[in-house]
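Visitor: Before I ask anything, let me first share the structure, which is written out below as structure tokens.
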Amino acid sequence: MDRRGFFTSLLRSKREEGGSNAPLLLPYIVDSSLLPKLCPSCEAPCAKACEEEIITIDKGIPQLSLKERGCTFCQACALACPKGVLDASLPNKLNVEVSIDVMACLAWQKTLCASCKEVCDEGAIIFLGLFRPEITPSCTACGRCVGVCPTQAISLTPLPLKEES
């Protein structure tokens, strides 16, 4: 196995491991307690409406898969939701914490790489000098940076959603 093949196999195994076990939920969720009550009986029009094809259904619950593409916040999922679980008037932002693993990030390891910055339409990834990317508060957590990172150094960790009583 050559050097490139070796590093590619390491990256592939890291990508297959995934990250957090918590699912990435769609934007526009009104109340997280509605998901298990109303979504399993639905035929997933939210997933069918998604122009990026990033919505998957697991045990009847819609969630995001951002391994290859990010959310454009087109609101199609919310507009297609017949059960009132999603509301397009809510902010265009995922309820996650975005972080960069500085030990895995090529830029933090003094290698010129700006893959994440190049795909960030919001300009939410800035570099302090050439080698220190940081996520700014303007980040909407769209996830476009996740799939393009060659070392999968960017992660999205779901935050708890409010539940109305």
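The values are calculated or read from the model by the stated rules, or taken from the named source; none is laboratory data. Keep in mind that this is a model prediction, so the values were computed, not measured. Cβ sites come from the backbone with ideal geometry, for glycine too, and all protein chains shown count toward neighbours. The accessibility values were calculated without ligands, DNA or RNA, using every heavy atom of the protein model including side chains. Shrake-Rupley method; radii C 1.70, N 1.55, O 1.52, S 1.80 Å.
Visitor: Quick one: L38 ticks every box in (1) more than 20 Å from I154 (Cβ to Cβ); (2) open to solvent by less than 80 Å² (accessible area, probe 1.4 Å); (3) in contact (Cβ under 8 Å) with a residue 60 or more places away in the chain except a single one, so which number is it?
Guide: Tallying (1) more than 20 Å from I154 (Cβ to Cβ); (2) open to solvent by less than 80 Å² (accessible area, probe 1.4 Å); (3) in contact (Cβ under 8 Å) with a residue 60 or more places away in the chain, L38 fails exactly one: (3).
Visitor: Look through V98, V85, V119 and report the one residue that is under 12 Å from the mean Cα position of the chain (by Cα), buried (at least 16 other Cβ atoms within 10 Å of the Cβ) and of a type in the set (A, V, I, L, M).
Guide: Numbers: V85 fails: under 12 Å from the mean Cα position of the chain (by Cα); V119 fails: under 12 Å from the mean Cα position of the chain (by Cα).
Sole residue among the options that is under 12 Å from the mean Cα position of the chain (by Cα), buried (at least 16 other Cβ atoms within 10 Å of the Cβ) and of a type in the set (A, V, I, L, M): V98.
Visitor: For the stretch 115-133, name all the residues that are in contact with a helix residue (DSSP H, G or I) (Cβ under 7 Å, 6 or more places away or on another chain) and either in a loop (DSSP other than H, G, I, E, B) or of a type in the set (K, R) (or both). Before you say what the answer is, go through the steps one by one.
Guide: Start the filter on the stretch 115-133 by keeping residues that are in contact with a helix residue (DSSP H, G or I) (Cβ under 7 Å, 6 or more places away or on another chain), which leaves 115-116, 119-120, 125, 127, 131-133.
Residues satisfying the conditions are C120, F131, R132.
Visitor: Let me ask another. Scan the strands (runs of 3 or more DSSP E) fully inside the stretch 37-104 and keep the ones with 2 or more residues being farther than 12 Å from L26 by Cβ. Outline the logic, then answer.
Guide: Details: elements: 55-58, 61-64, 96-100.
Hits in the stretch 37-104: 96-100.
Visitor: Restricting attention to the stretch 57-70, which residues are farther than 20 Å from D87 by Cβ, at pLDDT 90 or above and either open to solvent by 60 Å² or more (accessible area, probe 1.4 Å) or of a type in the set (D, E, K, R) (or both)? Full working, then the answer.
Guide: Step one: list which residues in the stretch 57-70 are farther than 20 Å from D87 by Cβ, which gives 58-59, 65-70.
Next cut, at pLDDT 90 or above only: 58-59, 65-66, 69-70.
Within the stretch 57-70, D58, K59, R69 meet the criteria.
Visitor: Now, a different point. Any idea which of (1) farther than 19 Å from S65 by Cα; (2) open to solvent by less than 40 Å² (accessible area, probe 1.4 Å); (3) outside any loop (DSSP other than H, G, I, E, B); (4) among the hydrophobic types (A, V, I, L, M, F, W, C) is the one W108 doesn't satisfy?
Guide: (2)
Visitor: When you look at E51, is it open to solvent by 40 Å² or more (accessible area, probe 1.4 Å), modelled with pLDDT under 90 and not small (G, A, S), yes or no? Reasoning before the result, please.
Guide: Working: open to solvent by 40 Å² or more (accessible area, probe 1.4 Å): yes; modelled with pLDDT under 90: no; not small (G, A, S): yes.
Taking the combined requirement at face value, the residue does not satisfy it.
Visitor: Determine whether the stretch 142-160 contains at least one residue that is assigned to a loop (DSSP other than H, G, I, E, B) and open to solvent by 60 Å² or more (accessible area, probe 1.4 Å). Steps first, answer last, please.
Guide: Within the stretch 142-160, the subset assigned to a loop (DSSP other than H, G, I, E, B) is 142-143, 149-153, 159-160.
Imposing the further condition that a residue be open to solvent by 60 Å² or more (accessible area, probe 1.4 Å) reduces the set to 159-160.
Yes: one or more hits.
Visitor: What are the residue pairs meeting all of these: first residue in the stretch 115-129, first residue free of Cβ contacts under 8 Å to residues at least 60 places away in the same chain and more than 14 Å from C105 (Cβ to Cβ), second residue open to solvent by less than 70 Å² (accessible area, probe 1.4 Å) and assigned to a strand (DSSP E or B), Cβ atoms under 7 Å, and 6 or more apart or on different chains?
Guide: Going by the 7 Å Cβ cut-off, the qualifying pairs are A124/I135.
Visitor: I need a count of the residues in the stretch 119-165 that are touching a strand residue (DSSP E or B) at 6+ places or on another chain (Cβ under 9 Å) and among the acidic types (D, E).
Guide: The qualifying residues number 1.
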